[in-house]
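Asks: Shown below is the structure under consideration.
What follows draws every value from the coordinates through simple rules; no lab data is involved. Predicted model, so just to flag it, every value in this text is computed and none were measured. With ideal geometry, Cβ positions are generated from the backbone for all residues, glycine too; neighbour counts draw on all protein chains shown.
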Amino acid sequence: MLLDKDTKTVDGEYFEYLITTDDQVSLLLRRFKVSGSNNPVLCIHGWTSSGNMFYQREIDHFVGYCHRHGYDDVWVLENRLSCIFDYNQQDIYNLDDVAQYDYQPALDEIEKQTGQLNIHIISHCVGALTFCMSLSAGYLSNYVDQIKSLTCNCVSIVPNIKPWAKIKLSFGPEIFKYLTPIKYMDPQWAIKPGFSLGKLLANIVAIGHPETNNKVCSMLSFIWGSGRPALYNLENIKPETYQRLGELLGVAGFTNFIHLRKMVNCGEMVSWQGKRIIEGFKSVDIPLFLMTGADNNVFYNSQQKSFDRLNELRPNGDQTLKVFENYGHQDPFCGQFAHRDIFPSIVEFMNRFE
């Protein structure tokens, strides 16, 4: 069992299903089920976070909101991007591996347990990007007709970042990977005991982020995007969430940063080898809800660019874009007011296809 304390705060029954991918990686599906269980929803977290972002104990979380609004069978996938595993430390996989191997066995298991799929997908950050890659590359062709809707937060088919983030992404991975003993970026370096080069770096980074006295927060801003802070608007974050950032967001290896750089430079999602795969979205006839915070400092303006590109690829497709003022990258799900400001729009979109 990989039960965490937050799962105990969710009403109803709780189940875990261990799944193994075709490349022999072990993943986890969590299931939060209340009576009825006729409207399954699958939630996909971002890179270095975990499924916990959908049921954080200190907020009115997304799983609970779904249960109260007619979606009584919520599944949460822990893919190989999750911080509950050590795959990010190993740094041996790229985003192609996530797209090719992680999502089909998850959908297979849900179909096995429910008898039929007909599911809504809620995805965040690199989880959204890799799910879109999987659809576009044809890895989920058996399930396209059974996906009622797809919600993507922050990014979908066109990753885009701010100039300072682009500078970091252009040089940082190789500098750290090949010129230092640092093998991954850890937001918790500053609060870990003892001395390390990472701890020294975290303390230097903190000097450049006077907006916070939380060194985990400042390190997250160094790792991700360009902002003060980069991942969220501080006023949206409860003190309890702020104190457990290092628990909610884990380490990041350099391989996926290199893959993301290839996509940013190409202006669209591409394979590790640089192969264009975005044209495959022309045949993906799934209603899409692209959402983002107006202050998304990680994948800046990505959803607007994705929306424009989708209108070119699928001129008759059903794609909706919504930008939420006073929200950033992570707080549309982990923010203390997300149940009031964000979740109603997601559920309203899903309801259109019931």
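Asks: Relative contact order for the stretch 244-339: what percent, with Cα pairs under 8 Å and sequence separation of 6 or more? Please report the intermediate quantities before stating the final value.
Replies: On the way: 92 pairs, mean separation 24.4, N = 96.
Answer for the stretch 244-339 is 25 percent.
Asks: Set the bar at 23 Å for Cα to Cα. Now go through Lys183/Lys215; Lys238/Lys305; Lys5/Lys33 and name every pair that lies beyond it.
Replies: Lys238/Lys305
Asks: Ok, one more. Once you have all Cα-Cα distances for the stretch 163-255, histogram them in 10 Å bins from zero and send the whole-percent values.
Replies: Per 10 Å bin, starting at zero, the Cα-Cα P(r) for the stretch 163-255 comes out as 16, 51, 29, 4 percent.
Asks: Would you list which lysines come within 17 Å of Lys275, measuring only between C-alpha atoms, while excluding same-chain residues fewer than 8 positions from it?
Replies: The qualifying lysines are Lys262.
Asks: Under 14 Å from the Cβ of Asp23, count the other residues' Cβ atoms, weight Lys and Arg +1, Asp and Glu -1, and hand me the total.
Replies: After counting each charged neighbour, the total is -3.
Asks: I've got another one for you. Using Cα pairs closer than 8 Å and at least 6 residues apart in sequence, work out the relative contact order for the chain, in percent.
Replies: Worked out over the chain, it gives 20 percent.
Asks: Using per-residue counts of other Cβ atoms within 10 Å, averaged over each peptide, order 22-28, 155-161, 252-258 from highest down.
Replies: On the way: 22-28: 14.3, 155-161: 26.9, 252-258: 20.6.
Descending mean neighbour count gives 155-161, 252-258, 22-28.
Asks: Now a separate question. Give the order of His329, His259, His339 when sorted by the count of other beta carbons within 10 angstrom, beginning with the fewest.
Replies: Neighbour counts put them in this order, fewest first: His339, His259, His329.
Asks: Could I ask something else about it? I'd like the distance separating the alpha-carbon centroids of the stretch 292-354 and the stretch 124-168, in whole Å.
Replies: What the calculation gives is 12 Å, centre to centre.
Asks: Would you mind checking the stretch 147-162 for residues with the amide N under 18 Å from a putative spin-label position 7 Å along Cα→C-beta of Glu354?
Replies: Residues 147-151 fall inside that zone.
Asks: Please list, ordered by chain and number, the residues whose modelled amide H lies under 5 Å from the amide H of Thr151; skip anything fewer than 5 residues away on the same chain.
Replies: Close amide H contacts, sequence-distant or interchain: Ile121, Ile122, Ser123, Phe289.
Asks: Tell me, what HN-Hα J-couplings in whole Hz come from the Karplus equation 6.51 cos²θ - 1.76 cosθ + 1.60 at θ = phi - 60° for each residue of the stretch 143-160, using x for Gly and Pro?
Replies: 10, 3, 6, 9, 9, 5, 7, 10, 9, 10, 9, 6, 7, 9, 10, 10, x, 9
Asks: Which percentage, to the nearest 5, of the DSSP beta bridges contained in the chain is antiparallel?
Replies: Around 40 percent of the beta bridges assigned by DSSP in the chain are antiparallel ones.
Asks: Across the stretch 90-99, in residue order, what do the Karplus-derived ³J(HN,Hα) couplings come to in whole Hz, using 6.51 cos²θ - 1.76 cosθ + 1.60 with θ = phi - 60° and x for Gly and Pro?
Replies: Per-residue couplings from phi come out as 5, 6, 10, 10, 10, 6, 4, 5, 4, 5 Hz.
Asks: Further, regarding this structure: Would you give the gap between the C-alpha center of the stretch 4-40 and the C-alpha center of the stretch 52-106, rounded to a whole Å?
Replies: Here the answer is 10 Å between Cα centres.
Asks: On to the next question. Would you order Ile175, Ile346 from fewest to most other beta-carbon atoms within 10 Å of each residue's own beta-carbon?
Replies: Ordered by Cβ neighbours within 10 Å, fewest first: Ile175, Ile346.
Asks: What is the Rg over Rh value, at two decimals, for the stretch 13-67, using alpha-carbon atoms and the Kirkwood definition of Rh? Mind showing how you got there, number by number?
Replies: Working: Rg = 12.7 Å, Rh = 12.8 Å.
Using Cα coordinates only, the ratio equals 0.99.
Asks: Just rank Tyr55, Tyr93, Tyr178, fewest to most, by other beta-carbon atoms within 10 angstrom.
Replies: Tyr178, Tyr93, Tyr55
Asks: Next question, about the same structure. Based on the inverse mean of 1/r over its pairs of different Cα atoms, what is the Kirkwood hydrodynamic radius of the chain, in Å? Please list the in-between numbers first.
Replies: Working: mean 1/r = 0.0495 Å⁻¹.
That comes to 20.2 Å for the chain.
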